[in-house]
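The values are calculated or read from the model by the stated rules, or taken from the named source; none is laboratory data. In this text, all values refer to a predicted model and were calculated from it rather than measured experimentally. In this analysis, Cβ positions are derived from the backbone assuming ideal geometry, glycine residues included, and neighbour counts consider all displayed protein chains. Ligands, DNA and RNA are excluded from the accessible area calculation, which covers all protein heavy atoms including side chains. Shrake-Rupley method; radii C 1.70, N 1.55, O 1.52, S 1.80 Å.
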Amino acid sequence: MTETRLYTTQALVAGETLLLECAPSKHLLRVLRCRLGDRCVVFNGDGLEYVAEIIDVDRQATLRLLTATRAQVESPLQITLAQSISRGEKMDYAIQKSVECGVHAIVPLLTDRCGVKLSAERALKRQAHWQAVAISACEQSGRCVVPVVDRPILFSQWLSHATGVLFAADTMNAHTQCYEGGALSSCAVLIGPEGGFSDKERQCIK
């Protein structure tokens, strides 16, 4: 049976009880149809995961936290994904798979050819949605550290503050900036839109 893993924003301490939030409670009790005495795993992003037992199934599930372990699944390489925003579910898919592959942080980029226009209000809503996608990917993949999805930012603004090693994937050129081998502890991976980077953007990357 597949292990049920749930994310919570609350502090977790082995031996104590936890009143699970409404959304994960609904998923646990109504979707997965778990019952009293069933067990699941909960985590809050601090790198630990807790085996928990369901001890009450009122409107929200109450769990008793049993044991805590540190999941040995995180990559030692701190990778930031700088991803040009795609339309529809394609962006969700990119975030989901990158989280499953172990990225540390995600920066949605507004590039010349991304074709997406976001007001300040809509950008915040998209950020919240993408963060939820990242959380779900952690639940499914066994990760206990949730990558932060930043607010959408203009490509030029992000690039002007980017530091360290940068790998840029491009439809016309593959580019690696300032990397000559040896130990590598962190890097950024830059991925453009379906139509590729504009000539102006390519000049900035070089």
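A search for C-beta distances below 9 Å between a residue of region 130-149 that is farther than 14 Å from Arg5 by Cβ and among the polar types (S, T, N, Q) and any residue that is open to solvent by 20 Å² or more (accessible area, probe 1.4 Å) and not in a helix (DSSP H, G or I), counting only pairs 6+ apart in sequence or on different chains, returns Gln131/Val146; Gln131/Val148.
Any chance region 112-125 includes a residue that's of a type in the set (S, T, N, Q), touching a strand residue (DSSP E or B) at 6+ places or on another chain (Cβ under 6 Å) and either within 19 Å of Phe155 (Cβ to Cβ) or modelled with pLDDT under 95 (or both)? No; the residues of region 112-125 include none that is of a type in the set (S, T, N, Q), touching a strand residue (DSSP E or B) at 6+ places or on another chain (Cβ under 6 Å) and either within 19 Å of Phe155 (Cβ to Cβ) or modelled with pLDDT under 95 (or both).
Can you find a residue in region 62-83 that is without any contact (Cβ under 8 Å) to a residue 24 or more places away in the chain and within 30 Å of Arg202 (Cα to Cα)? No, the conditions are met nowhere in region 62-83. Annotation: of all residues in region 26-40 being open to solvent by less than 70 Å² (accessible area, probe 1.4 Å) and outside any loop (DSSP other than H, G, I, E, B), the one that is farthest from Val57 (Cα to Cα) is Cys40. If you scan region 67-117, which residues turn out to be more than 17 Å from the chain's Cα centre (by Cα), open to solvent by 60 Å² or more (accessible area, probe 1.4 Å) and over 30 Å from Cys40 (Cα atoms)? Across region 67-117, the qualifying residues are Arg87, Asp112, Arg113, Lys117.
Filtered by the rule that a residue be within 23 Å of the chain's Cα centre (by Cα), modelled with pLDDT of 95 or more and acidic (Asp, Glu), region 35-53 gives a lone residue, Glu49. With respect to the conditions (1) open to solvent by less than 60 Å² (accessible area, probe 1.4 Å); (2) in a loop (DSSP other than H, G, I, E, B); (3) within 17 Å of Arg87 (Cα to Cα), Val145 falls short on a single one, namely (3).
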